[in-house]
Amino acid sequence: MRLFYQEGLRATGIDRIIAESGVAKMSFYRHFPSKADLVRTFLETRHGNWMRWFTEAVERRLDSQGFAAIAGALAEWYGQADFRGCAFINTVAETGFDFPIAVEHKRELAVYIEELAGRLKLSHPARTAAKAMIIIEGTIVRAQMGEIDGLEEIAAEMLSDLARPGC
């Protein structure tokens with residue numbers, strides 16, 4: 001997980017994974033007949049872990065920050081020492097659409113954001129979620145590029161604007 005996230009899918013070879021994991025080559029291939037199988041497992045695990053963490057981080061802030069809680073959660077994530085952007089954006093950038101779970105991850109995130117907008121009684125939850133997803137993705141990419149000064153505040157302002165009546 002660490003190697004794929006930090007160094008990329010293509011740059012991380014099976015021999016290195018086997019060496020660092022300390023697993024015998026035959027045992028490794030018994031569980032993962034191909035690198036694609038291992039990548040799928042990585043993405044499935046990453047998806048579950050990240051979605052669980054993100055929803056908890058948003059929900060902790062929701063009462064005090066409203067829809068802008070999304071920005072606070074994202075800032076917590078990109079403030080982590082091992083932050084290297086979104087594993088799913090990175091996957092599509094590296095492999096195209098070879099791993100459909102990368103796209104499905106974004107769909108599931110959008111469903112959560114739409115559900116959140118509905119709970120907050122924002123007008124047009126689906127449209128609000130679509131706009132929020134652009135803010136979320138833009139924030140992630142800006143943070144990955146190292147542009148974090150003021151990023152949380154700008155994203156929070158934009159998300160708060162979406163929560164205003166008539167938006």
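The values are calculated or read from the model by the stated rules, or taken from the named source; none is laboratory data. Keep in mind the model is a prediction, meaning the values are calculated, not measured. All Cβ positions, glycine included, derive from the backbone under ideal geometry; neighbour counts span all protein chains shown.
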task = Would you please list the contacts, defined by Cβ atoms under 7 Å and residues six or more apart or on different chains, that run from a residue in segment 1-24 that is within 25 Å of Ala102 (Cα to Cα) to a residue that is hydrophobic (A, V, I, L, M, F, W, C) and at pLDDT below 90?
result = Ile18/Phe28
request  = Evaluate the following for Ile101: is it more than 16 Å from Thr41 (Cα to Cα), surrounded by 14 or more Cβ atoms within 10 Å (Cβ to Cβ), at pLDDT 95 or above and of a type in the set (A, V, I, L, M, F, W, C)?
outcome  = no
inquiry  = For Leu38, only one of the following conditions fails: (1) loosely packed, with under 12 Cβ neighbours inside 10 Å; (2) free of Cβ contacts under 8 Å to residues at least 60 places away in the same chain. What is its number?
reply    = (1)
message = If I go through segment 66-88 residue by residue, how many of them are under 12 Å from the mean Cα position of the chain (by Cα) and more than 23 Å from Arg119 (Cα to Cα)?
response = 8
remark   = Exactly one of Phe97, Phe83, Phe54 is aromatic (Phe, Trp, Tyr) and part of a helix (DSSP H, G or I), and that residue is Phe54
message = Quick check on segment 51-61: of everything there that is within 25 Å of Gly150 (Cβ to Cβ) and touching a residue at least 40 places away in the same chain (Cβ under 8 Å), which residue is farthest from the chain's Cα centre (by Cα)?
response = Val58
ask   = What about Thr139, is it crowded, with 16+ Cβ neighbours inside 10 Å, over 30 Å from Lys35 (Cβ atoms) and under 12 Å from the mean Cα position of the chain (by Cα)?
value = yes
message = Quick check on Arg30: is it part of a helix (DSSP H, G or I), surrounded by 16 or more Cβ atoms within 10 Å (Cβ to Cβ) and not polar (S, T, N, Q)?
response = no
remark   = Exactly one of Ala93, Ala73, Ala129, Ala156 is touching a residue at least 24 places away in the same chain (Cβ under 8 Å) and at negative phi, and that one is Ala156
inquiry  = Suppose we keep only residues that are free of Cβ contacts under 8 Å to residues at least 60 places away in the same chain and hydrophobic (A, V, I, L, M, F, W, C) within segment 41-50. Which one would you say is surrounded by the most Cβ atoms within 10 Å (Cβ to Cβ)?
reply    = Phe42
remark   = Checked Ile89, Ile17 against criteria (surrounded by 15 or more Cβ atoms within 10 Å (Cβ to Cβ), under 18 Å from Ile140 (Cβ atoms) and among the β-branched types (Val, Ile, Thr)); the one match is Ile89
message = Can you confirm whether Arg119 is over 22 Å from Tyr5 (Cβ atoms) and surrounded by 14 or more Cβ atoms within 10 Å (Cβ to Cβ)?
response = no
ask   = Any idea which of Arg164, Arg119 is within 23 Å of Asp63 (Cβ to Cβ), at pLDDT below 95 and among the basic types (Lys, Arg)?
value = Arg164
key: Enumeration of residues in segment 57-80 that are outside any helix (DSSP H, G or I) and either under 24 Å from Ala163 (Cβ atoms) or not polar (S, T, N, Q) (or both)   = Gly79
